[in-house]
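Read the structure below first, then the notes.
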Amino acid sequence: MAEIIAIASDHAAFDMKANLVQWLRDEGHAVLDLGPDSASSVDYPDFGYKLADALAQGEAAKGIALCGSGIGISIAVNRHPAARCALVSEMLSARLAREHNDANVIAMGARLIGIEQAKACISAFLSTPFAGDRHQRRVDKLTHPRFHKEHA
C-alpha cells in the first residue's frame with residue numbers, strides 16, 4: 001500500500017496546492033487533500049491543525065503544508081506533538097529535514113517560491129529516509145520533551 005500524503009493550505013496557497021495535488025497524483029502518490037476547496041479567505045491555523053490531526057490519526061504518513069509565507073501554517077502544524085514540520089524553500093533543507101530531523105511535514109510559502117521549486121522540495125522530502133543513529137536521540141527529545149528535561 002502506498003504512503004498517503006496529506007496536503008493542506010490557506011487561500012493564498014490554494015492554486016499551488018491544486019497544482020501540487022495533481023502533480024503528486026500524476027507521480028503515483030496517494031493524496032489526501034484537506035482543503036480548502038476554493039481561494040476564498042480562510043484561516044491557516046484551521047488547516048494546519050487539520051493536517052496535524054490527519055497524521056496523528058494515521059490517515060497519512062507525511063504532509064505538505066502551504067500558506068503565503070509557509071510560516072503561519074508551519075507554526076500551526078507544530079502545535080501538535082505528532083507533527084514535526086519544517087519550513088523549507090530549497091531542496092537541501094527539505095532533504096535535511098527528513099534525514100536529520102525525521103520531519104513528517106514540510107511547509108512552503110506560495111508567495112515566496114515557485115511551483116517547480118516546490119516540486120523539487122517535495123521530491124527531496126519524499127525520497128529521503130531518516131538517518132537515525134545520532135539523530136534519533138535528538139528527535140526523541142523533540143517528541144518527548146519530558147525525556148529532555150530528565151536527561152539534560
Quiz item: Against the longest principal axis of the chain, how steep is helix 14-26, in degrees 0 to 90 to the nearest 10, with axes from Cα atoms?
Solution: 80 degrees
Quiz item: So what is the relative contact order of the stretch 4-151, in percent, for Cα pairs below 8 Å that sit 6 or more residues apart?
Solution: 22 percent
Self-check item: Unit charges at the beta carbon, dipole of the chain: most positive-side option, Ile64, Ile75, Pro45
Solution: Ile75
Quiz item: Nearest 20 debye, what's the magnitude of the dipole of the stretch 4-151 about its Cα centre given +1 on Lys and Arg Cβ and -1 on Asp and Glu Cβ?
Solution: 620 debye
Quiz prompt | Pairs of Lys in the chain closer than 26 Å at Cα, counting only those 8 or more apart or on different chains | solution = 9
Self-check item: Relative exposure of Tyr44, Tyr49, judged by other C-beta atoms within 10 Å (fewest first)
Solution: Tyr49, Tyr44
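Throughout, read-outs are computed from the coordinates displayed, never taken from laboratory work. Values in this document were obtained by computation on a predicted structure and should not be read as measured data. Note that we place each Cβ from the backbone using ideal geometry, even for glycine, and neighbour counts take in every protein chain shown.
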